[in-house]
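Below you'll find the structure, written out as structure tokens, and then a few comments.
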Amino acid sequence: MINVLWAGTERNWSLFEPDLKAGFQRAGLDVDLRTAFADPAQVDYLIFSPDGPLSDLSAFENVKLVQSTWAGVEAIVTNKTLTQPLARMVDHGLSEGMRDYVVGNVMRHHLNTDRFATAKPGEWLSDLCPPLARDTTVGFLGLGALGLACANTIAYLGFNTLGWSRREKSVATFQCLHGDAGLQQVLKQADIVVTLLPLTTDTENLLNADALSKMKRGASIINPGRGPLIDDDALISALKSGQISQATLDVFRTEPLPADHPYWQMPNVLVTPHVAADTRAKTASQVVVENIRRSEAGDPVLYLVDRTSGY
Ligand code: NAP
């Protein structure tokens, strides 16, 4: 019998339980899946999310894998009590959700939709005819599971696409860059910058006053990555001065974003409440089951987090 502890939220338990149980059965795994075990030392696997009930993992001394239900692992990878291997969530439900969010908002920025939506009666803005996709450059900061899925679709739609990652990459459909010189090129050339980086010590405040000043005047930002990737004060100044024309922000240093935060009042900011890509029980459960199956079979576990890089 394999003991699996659900350490996610209560709400998600009701969504995940049937899919996980069905998945374990299909995989031929004899699993006791529960929200509590009397003795933490009995637990073989932890299904974890940072908004769940657990913060001290030290008693789970026999856990073979902590499987996160979140793609972003900054809140657990820095947890000093985590000594067990950690896998993050990579699943096509997340990628599809993120792709929809990014494509929708890139199109919104590209077509200047908000300007037409806020036109006064009779304000006939015919001089704002949108450019063609090929004349707009979209730069992706982060080319991982999510950034790559989004960048490929944006490139397919005809946008001039650039991507930036930590390590050198090559993709057939768009130009990939890395290193500081690569970042400077994306900042200089992109009309729309999409941030899909994990939050690490290297990426925190990546878009600070200096980086924002190097962007094209009037460029825009879409951030479904993590709030602290952006220095908020610097972005607010850049949005006020027109250096940055528009921002669509899904993630924030404090969530929910407090009602008195300046972003709520800014006409050129769209706040969305961390909804870009939700972990969906049906697809994410398959990833959890597959990783436990692999671990039990002695096969390599998928999507292991590298503690040194922090993602
Ligand atoms: P991932 O597969 O780990 O990809 C991360 C990407 O960022 C990789 O391309 C990586 O480069 C790059 N990167 C990391 N550190 C870097 C650095 N210092 N300089 C340059 N590039 C760097 O992550 P993912 O699954 O695509 O997810 C990305 C993030 O999206 C998550 O960490 C999470 O914060 C966020 N997210 C948000 C939502 C939402 O609803 N808003 C939902 C899910 C996830 P390499 O390719 O060289 O490793």
Can you give the FRET efficiency for Ala209 and Thr35, using 1/(1 + (r/R0)^6), R0 = 41 Å, r = Cβ-Cβ distance, to the nearest 0.05?
-> 0.35
Run a plain Debye calculation on the chain (Cα atoms as equal point scatterers, no solvent) and give log10 I(q)/I(0) at q = 0.08, 0.15, 0.16 Å⁻¹, rounded to two decimals, same order as the q list.
-> -0.41, -1.17, -1.27
Using a Förster distance of 25 Å, how high is the FRET efficiency between His92 and Lys169, based on the Cβ-Cβ distance and rounded to 0.05?
-> 0.80
Estimated dipole of the chain in Debye, rounded to 20 [Cβ of Lys and Arg +1, of Asp and Glu -1, Cα centre] = 760 debye
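Measure up Lys169/Lys216; Lys21/Lys64; Lys188/Lys240; Lys120/Lys188; Lys80/Lys214 against 28 Å on the Cα-Cα distance and list the ones that go over.
Among Lys169/Lys216; Lys21/Lys64; Lys188/Lys240; Lys120/Lys188; Lys80/Lys214, the Cα-Cα distance tops 28 Å for Lys120/Lys188; Lys80/Lys214.
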Beta bridges per DSSP with both ends in the chain, % antiparallel, nearest 5 | 5 percent
Which residues qualify? For Val193, with a placed amide H closer than 5 Å and at least 5 residues away or on another chain, they are Gly139, Ser220, Ile221, Ile222
Scattering profile of segment 163-281 from the Debye formula, Cα beads only, expressed as log10 I(q)/I(0) at q = 0.09, 0.12, 0.20 Å⁻¹, is -0.24, -0.44, -1.16
How far apart, in nm, are the 7 Å Cα→Cβ label points at Lys64 and Tyr156?
-> 3.7 nm
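Quick one: length gained pulling Lys240 to Ala22 fully straight, 0.36 nm per residue minus the C-alpha distance?
73.2 nm
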Give me the Debye-computed log₁₀ of I(q)/I(0) at q = 0.10, 0.17, 0.24 Å⁻¹ for segment 16-107, equal point scatterers on Cα only, no solvent, two decimals.
-> -0.34, -0.85, -1.32
Given charges at Cβ of Lys, Arg, Asp, Glu: the chain dipole, positive-most of Ala117, Ile230, Ala297 | Ala117
For segment 262-310 and segment 115-175, distance of Cα centres in Å | 23 Å
How far apart, in nm, are two points set 7 Å out from the Cα along the Cα-to-Cβ line at Glu290 and at Arg134?
-> 3.7 nm
Residues Glu204, Glu61 in order from fewest to most other beta-carbon atoms within 10 Å are Glu61, Glu204
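Quick note: the coordinates plus some simple rules give every number you see, no bench work behind them. Bear in mind that the values here come from a model prediction, so they are computed numbers and not experimental data. So basically every Cβ, Gly included, is an ideal-geometry build from the backbone, and we count neighbours across all protein chains shown.
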